[in-house]
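Below is one structure; the comments refer to it alone.
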Amino acid sequence: MSRDDGAEPWHETVIRVLKENEVDLVTYIPDNVLRELIDALHTDPYFTVICPAREEEAVAIVAGAYMAGRRGIVLMQTSGFATLPNALASLVVPFQIPVVMMISERGIMGEFQIGQAIVCKTMRPVLQSIGMEHHTIEEHDHVPFVVDGMIRQAFATRSPAAIILSPLLTKRPRAGAAQ
Amino acid sequence: MTTISNTERGAAKVMNRTDLTRRLVARLQKDEAVVGGIGHTNWDLWASGQRPQNFYMLGSMGLAAPIALGVAVAQPDRMVFALEGDGSLLMQVGALATIATVEPANLCVIVWDNEAFHITGGQKSLTATGADIVAMARGAGLTNSTWAADEAHFESLVDEVLGGTTGPRLIAARIDMTKPAGTTDRDPVKIRLNFMSGIAPPDKEG
């Protein structure tokens, strides 16, 4: 799990870490930044991939699967997270269900859509106020350690967690790496 | 077996949720999972006997069917029921299309339709003014969706599900405004742990 020579794109690292942690169910609401990750998940037979109508469903499916013995992760963008406070505060937090979310951060560093820029500001205060573990990844080198650690902690402590992918990770050109 | 397969909503008998919930539970012999939606739906499930295979949802209105879908995907060999009210289902109606797309053979959504938000004071829901849940479910791709004509028909529909009918299905029942027969003890972690041990796969613990 420690291989990181700088050549592996972040989405490939994520897939590797998901497999190492036996996370084989993925629910997502589409997002352009996550497109390569989503495409790769769809083509990999290891994963069951479900794209429901709304983020709340995506969370509930993974919550139900966890209780039935299967590990999952939910992918979305910031505006999708903004639809979730009730489901998080009334389902995954009080029932102590380790739903891991991966959220691509829109609304900062070059955003062109004012709605995204505004709704983005609600994300961390919501996470803070319901006491949800969250961390933002900005550095490519940090991807394996942070994703692995947050997944392991979530399942070990029966706590939901949000892994936020900053544009510094997903949009910034990397020296020496093919983009 | 009753074979009224295309009962229209207007022709369906108005029944009682407590009675129908008990009729359902009485027919469960194989540790089938039952996810009870918010409010009176899961209160009546609670009152029907606290099976360890029952999950009682305390908030997150509309998410009983998606939770049940997650259970069904994780354990394809176990039959899973979701119980929802009309107001709850309409709040997350896209879930019908999700279920139709994923197409789990082991999932049945049962909808209690009393045309009202009963627990908050009986305000009319959208089914009171014409929304037909079975028609919506069929439109979403759940072709195997049916109004229960009466109690005997409800039981025959449940028997079909338990008999291994393939494909997800939806059963809707019109119900009256009788209060539920009990109140769920609201202890989320206890509910989760009971449910997880009740449906634990033989080879691993939660």
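Okay, here's what the table says:
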read-out: Listed residue pairs exceeding 30 Å between alpha carbons, taken from A:Lys19/A:Lys121; B:Lys30/B:Lys124; A:Lys19/A:Lys171; A:Lys121/B:Lys124; value: A:Lys19/A:Lys121; B:Lys30/B:Lys124; A:Lys121/B:Lys124
read-out: Selection from B:Pro188, B:Met136, A:Gly107, by position along the positive dipole direction of the protein assembly as shown (Cβ); value: B:Pro188
read-out: Accessible area per residue, Å², region A:115-179 with all protein chains present, probe 1.4 Å; value: 52
read-out: At least 40 Å² of accessible area lost relative to the chain alone, listed for region A:16-56 with a 1.4 Å probe; value: A:Ile50, A:Glu56
read-out: Convex hull per residue volume in Å³, alpha carbons only, for region A:89-136; value: 84
read-out: Directionally averaged shadow of chain B, computed from the convex hull of its alpha-carbon atoms, nm²; value: 10.3
read-out: Within a Gaussian network of chain A (alpha carbon springs, distance under 10 Å), most fluctuating of A:Ser166, A:Ser90, A:Ser104; value: A:Ser90
read-out: Cut-off of 10 Å, at most 14 other beta carbons, DSSP loop: longest stretch of chain B lacking such GluC sites (Glu not before Pro); value: B:9-204
read-out: Cβ neighbours within 10 Å from other chains - mean over B:71-79; value: 5
read-out: Most positive-pole-ward Cα, B:Ile171, B:Ala100, B:Ala64, against dipole of region B:48-181 from beta carbon charges; value: B:Ala64
read-out: Options A:Pro30, A:Ser79, A:Ile151, ranked by Cα towards positive dipole end of chain A, top entry (Cβ charges); value: A:Ser79
read-out: Residues in region A:76-98 that, when all protein chains are in place, have 10 Å² or more less accessible area than the chain alone would give (probe 1.4 Å); value: A:Asn86, A:Ala87, A:Ser90, A:Leu91, A:Pro94, A:Phe95, A:Gln96
read-out: Exposure rank, largest accessible area first [B:Arg169, A:Arg71; 1.4 Å]; value: A:Arg71, B:Arg169
read-out: Simple Cβ-charge dipole of region A:1-71, Lys/Arg +1 and Asp/Glu -1, about Cα centre, in debye nearest 20; value: 240
read-out: Label-point separation in nm, B:Ala200 to A:Thr83, each point 7 Å along Cα→Cβ; value: 3.6
read-out: Solvent accessible area, Å² - B:Arg174, 1.4 Å probe, full protein context; value: 40
read-out: Dipole moment magnitude, nearest 20 debye, chain B about Cα centre, only Lys, Arg, Asp, Glu C-beta charged; value: 260
read-out: Isotropic mean projected area of the C-alpha convex hull, the protein assembly as shown (nm²); value: 19.2
read-out: Check: the protein assembly as shown dipole with +1 on Lys, Arg Cβ and -1 on Asp, Glu Cβ, in debye; value: 620
read-out: Buried area at the B-A interface (accessible, heavy atoms, 1.4 Å probe, summed, Å²); value: 2200
read-out: Integer Hz, Karplus 6.51/-1.76/1.60 couplings in order for region B:119-133, x for Gly and Pro; value: 5, 9, x, x, 4, 5, 9, 6, 6, 5, 10, x, 5, 10, 4
read-out: Accessible surface, per residue, of region B:8-95 when the full set of protein chains is kept, probe 1.4 Å, Å²; value: 31
read-out: With every protein chain in place, the protein assembly as shown: carbon and sulfur % of accessible area (1.4 Å); value: 52
read-out: The protein assembly as shown - mean residue ellipticity at 222 nm from DSSP helices (-39,500 (n - 2.57) per run, n ≥ 4, rounded to 500); value: -10500 deg cm²/dmol
read-out: Amide hydrogen neighbours beyond the local backbone of B:Trp147, cut-off 5 Å, H modeled; value: B:Thr7, B:Ala172
read-out: Backbone N within region B:98-116 under 18 Å of label point (7 Å from B:Met177 Cα along the Cβ vector); value: B:112-116
read-out: Å² per residue, accessible surface of region B:102-142 at 1.4 Å; value: 43
read-out: Among B:Leu170, B:Leu126, B:Leu20: highest mean-square fluctuation, GNM of chain B, C-alpha pairs under 10 Å; value: B:Leu126
read-out: Two-site label geometry, B:Asp187 and A:His135: point separation in nm, points 7 Å out along Cα→Cβ; value: 3.4
read-out: Simple spin-label estimate for A:Thr157 and A:Arg172 in nanometres, 7 Å along Cα-Cβ; value: 2.6
read-out: Region A:101-108 - phi-based ³J(HN,Hα) in whole Hz, Karplus 6.51/-1.76/1.60, Gly and Pro as x; value: 10, 10, 10, 7, 8, 10, x, 9
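The values are calculated or read from the model by the stated rules, or taken from the named source; none is laboratory data. All values derive from a computational prediction rather than experimental measurement. All Cβ positions, glycine included, derive from the backbone under ideal geometry; neighbour counts span all protein chains shown. Note: areas computed on protein heavy atoms with side chains; ligands, DNA, RNA excluded. Shrake-Rupley method; radii C 1.70, N 1.55, O 1.52, S 1.80 Å.
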